[in-house]
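Below is one structure, written out as structure tokens; the observations come after it.
The values are calculated or read from the model by the stated rules, or taken from the named source; none is laboratory data. Just so it is clear, the model here is predicted, and its values are computed rather than measured. With ideal geometry, Cβ positions are generated from the backbone for all residues, glycine too; neighbour counts draw on all protein chains shown. Just the protein is used for accessible areas: all its heavy atoms, side chains included, with ligands, DNA and RNA removed. Shrake-Rupley method; radii C 1.70, N 1.55, O 1.52, S 1.80 Å.
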Amino acid sequence: MDSPAAIRIRDLAKVYAAAGNSPPKHALKGVSFDVPQGQIFGLLGPNGAGKSTLINILAGLVMKTSGSAEIWGFDLDRDLRNAKRSIGIVPQEVVFDPFFTPLEVLENTAGLYGVPKAARRSLELLGQVHLADKAGAYARTLSGGMKRRLLIAKALVHTPPVIVLDEPTAGVDVELRRQLWELVSELNHGGVTVVLTTHYLEEAEQLCDRIAIINHGELIANKPTRELVGMAREKVVVVTLDRETGILPSHPAFLKCAKVGEREIEVTYDKDHTNAGEILTQLQGQGFGIVDVSTREADLEDVFVTLTTSATKDAA
Ligand code: ADP
Ligand code: MG
């Protein structure tokens, strides 16, 4: 039998009420997925997809409209207290009282969670996020990267089995991004299940065991990273033909062929298995006259398109 999910989400929906001139906003339209225990799970999607809404529901900051969510087996509706104890949330925004030291920040948070003094491990946590030497420094003197690491330590004070990071590296430089990736990996090796949201495909690719893609409030993929990234190995050649055609060419090497203009077709292929030259040769061999050609790499956008148009949506 599979081990139980760290997070189990079913038909989760959120409608933000209309405000002023804005109509109601369907931010989540019935999303279901499981986060397996022990993994680094990436929730990937463009800005506005609904990632933070989902995270904030888990954090108890946003009221869901319908559906259900369990954290470590505890249902948000029936057992909010235990659900909250099982998860640590690292928000996207960095906010600290500038006059507390990192040690005080962690001690205060432990107090809020009711962690008894004897069970606190603030110094150990500071060591874990490589801030041991900053225990007594004012938060305002910390660099941006140090503040982010402190936020992670803060999310761990009650020793939750699951930690969620909402866009940990948005607007962060390359060096800090690497540091954060390392830290996330270390935590996961230590046994913590990690969920992170990101709009960077590369980040999800580097870190995550599994990736779910959310777009316009809908889950459009949920696959092991290996499988998903394979889809980004696709390349597209756009060909302008010498005349309009009603018949589209086909060949086993063409993953997809679509008419995109009066005389323009797009052929998608796997760049590990063929190349644009061979595609053109095939087209010419089938009697298509070519007057112009361009190619582009598949990107996240194409993966989205492939997934949204695929018949086997969300093969779990
Ligand atoms: P993401 O984190 O993926 O960028 P969000 O969950 O923040 O997406 O937002 C999803 C959608 O819900 C967006 O269209 C956003 O404008 C809208 N939204 C988010 N928060 C609110 C709110 N408090 N009131 C109304 N609409 C909101
Ligand atoms: Mg967000």
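Summary of values
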{"read-out": "Selection within region 118-133 - in a helix (DSSP H, G or I), closer than 22 Å to residue 184 by Cβ and open to solvent by 60 Å² or more (accessible area, probe 1.4 Å)", "value": "123, 124, 128, 132, 133"}
{"read-out": "Every residue from region 47-78 that is of a type in the set (D, E, K, R) and either closer than 20 Å to residue 217 by Cβ or at pLDDT below 95 (or both)", "value": "51, 64"}
{"read-out": "Residue list for region 149-178, restricted to those being over 16 Å from residue 55 (Cβ atoms), touching a residue at least 24 places away in the same chain (Cβ under 8 Å) and under 18 Å from the mean Cα position of the chain (by Cα)", "value": "172, 177"}
{"read-out": "Scan of region 1-46 for residues that are within 10 Å of ligand 1 (Cβ to nearest atom) and under 14 Å from the mean Cα position of the chain (by Cα), ordered by number", "value": "43, 44, 45, 46"}
{"read-out": "Boolean, residue 185 is among the hydroxyl-bearing types (Ser, Thr, Tyr), under 17 Å from the mean Cα position of the chain (by Cα) and away from ligand 1 (no atom under 16 Å from the Cβ)", "value": "yes"}
{"read-out": "Test: residue in region 204-215 that is in the same structural domain as residue 14 (by TED's automatic domain parsing), out of contact with any Leu (no Cβ under 9 Å at 6 or more places or on another chain), surrounded by 18 or more Cβ atoms within 10 Å (Cβ to Cβ) and within 22 Å of residue 144 (Cα to Cα)", "value": "no"}
{"read-out": "Any pair with Cβ under 7 angstrom, 6 or more apart, that starts in region 40-64 at a residue that is under 19 Å from residue 82 (Cα atoms) and ends at one that is surrounded by 20 or more Cβ atoms within 10 Å (Cβ to Cβ) and among the basic types (Lys, Arg)", "value": "57/14; 57/64; 62/14; 64/14"}
{"read-out": "Residue within region 235-248 that is within 26 Å of residue 9 (Cα to Cα) and either open to solvent by less than 40 Å² (accessible area, probe 1.4 Å) or not hydroxyl-bearing (Ser, Thr, Tyr) (or both) present", "value": "no"}
{"read-out": "Filtered residues of region 8-49 (kept if among the polar types (S, T, N, Q) and touching a Lys or Arg at 6+ places or on another chain (Cβ under 9 Å))", "value": "32, 39"}
{"read-out": "Test: residue in region 298-308 that is modelled with pLDDT of 85 or more and aliphatic (A, V, I, L, M)", "value": "no"}
{"read-out": "Residue within region 168-184 that is within 16 Å of ligand 2 (Cβ to nearest atom), among the hydroxyl-bearing types (Ser, Thr, Tyr) and under 29 Å from residue 297 (Cα atoms) present", "value": "yes"}
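Conditions tested, residue by residue: (1) closer than 13 Å to residue 148 by Cα; (2) assigned by TED's automatic domain parsing to the domain that holds residue 53; (3) buried (at least 17 other Cβ atoms within 10 Å of the Cβ).
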| residue | (1), (2), (3) |
| --- | --- |
| 167 | yes, yes, yes |
| 171 | yes, yes, no |
| 174 | no, yes, no |
| 185 | no, yes, no |
| 193 | no, yes, yes |
